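None of the figures in this text is laboratory data; all of them are computed from the coordinates on show. It should be emphasised that the depicted structure is a prediction, and the values quoted were computed from it without experimental measurement. Ideal geometry is used to build each Cβ from the backbone, glycine not excepted, and the neighbour counts take in all protein chains shown.
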Amino acid sequence: MLRPILIALALLAAPAAPALAQEAQPTFCTARINNRDVVMGYDKAEARLSEHYSRREQLAARMGGEACPSYVVLRSLTPELSDDERGPFCLREDEDGDSVMGYDLGPRDAYGRCEEPSGLCRRVNRTREASVAIAGAAARRSFNGVETAAGTKSGAVILSGTAGTITSALGSIGGAAAAVASAPAVLAGAAVSVVAVGGAVYACSGD
């Protein structure tokens with residue numbers, strides 16, 4: 001009886017085995033969003049950065065400076081999307097370049113900012129039903145006065161036109177897609193783009 005007890009005590013007294021893989025510690029940074037400083041954390045050694053972000057953004061991540069790399073900010077604004085799915089979006093800054101206003105549609109520069117800013121995007125529907133309906137309808141037919149684009153890697157389907165033509169197109173689809181037509185972001189501007197991606201729907205309207 002004594003031997004098993006001694007073995008158990010020895011095991012308890014032994015130092016813990018080193019972890020097989022040390023958990024990565026986050027790098028903290030600060031982003032200026034809507035004129036407020038926001039502290040964020042990210043992994044500066046993330047392996048998949050090269051698949052989605054420029055070398056300058058990768059370098060910023062490795063250096064871990066005080067200012068957040070723009071891809072970290074874009075992730076924080078669209079947490080429901082993967083890096084592939086947020087491919088159509090870019091960061092929209094104010095005129096002075098001092099603060100991020102939100103995200104827009106269009107190509108990014110080397111720092112993730114919009115090369116040709118035109119407006120702001122807002123998520124207007126989280127239901128996969130609406131996103132799938134819009135993507136499916138766009139694949140089957142065209143809509144009067146509406147330009148349709150598809151992002152192969154992101155999986156996004158984008159409908160662009162005037163508020164009137166977009167509202168008419170969404171209404172003709174029916175169901176959950178028709179409900180998107182009444183969203184304030186869809187009716188807000190003369191030029192509107194509706195983006196179906198990642199099981200959600202976004203409306204991007206011009207200034």
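Annotations
- Within a Gaussian network of the chain (alpha carbon springs, distance under 10 Å), most fluctuating of R62, R108, R140: R140
- Equivalent ellipsoid semi-axes, segment 27-117, via Cα gyration tensor eigenvalues times 5, rooted, Å: 18, 16, 12
- Contact order for segment 124-206, expressed relative to its length and based on alpha carbon pairs under 8 Å spaced 6+ residues apart, stands at 37 percent.
- Note on the chain: GNM, Cα springs under 10 Å; of G106, G175, G155, the largest mean-square fluctuation is that of G175.
- Sorted ascending by nearby beta carbons within 10 Å, beginning with the fewest, V194, V39 become V39, V194.
- Among E115, E51, E129, the largest mean-square fluctuation in a Gaussian network model of the chain (Cα springs under 10 Å) belongs to E51.
- Given R0 = 22 Å, the distance between the Cβ atoms of T148 and S82 translates into a calculated FRET efficiency of 0.45.
- Each of S50 and R126 was given a label point 7 Å from its Cα along the Cα-to-Cβ line. The distance between the two points is 3.6 nm.
- Only one residue of P117, M101, A137 has its Cα farthest out toward the positive end of the dipole of segment 99-154, where Lys and Arg carry +1 and Asp and Glu -1 on Cβ, and that residue is A137.
- The residue list A60, V195, T165 was ranked by how far each Cα lies along the charge dipole of the chain toward its positive end, using unit charges on Cβ atoms, and V195 comes out on top.
- Cα-centred dipole magnitude for segment 98-174, charges only on beta-carbon of K, R (+1) and D, E (-1), debye, nearest 20: 420
- Taking a Cβ cut-off of under 10 Å around E93, the surrounding Lys, Arg, Asp and Glu residues balance to a net charge of -2, with basic ones at +1 and acidic ones at -1.
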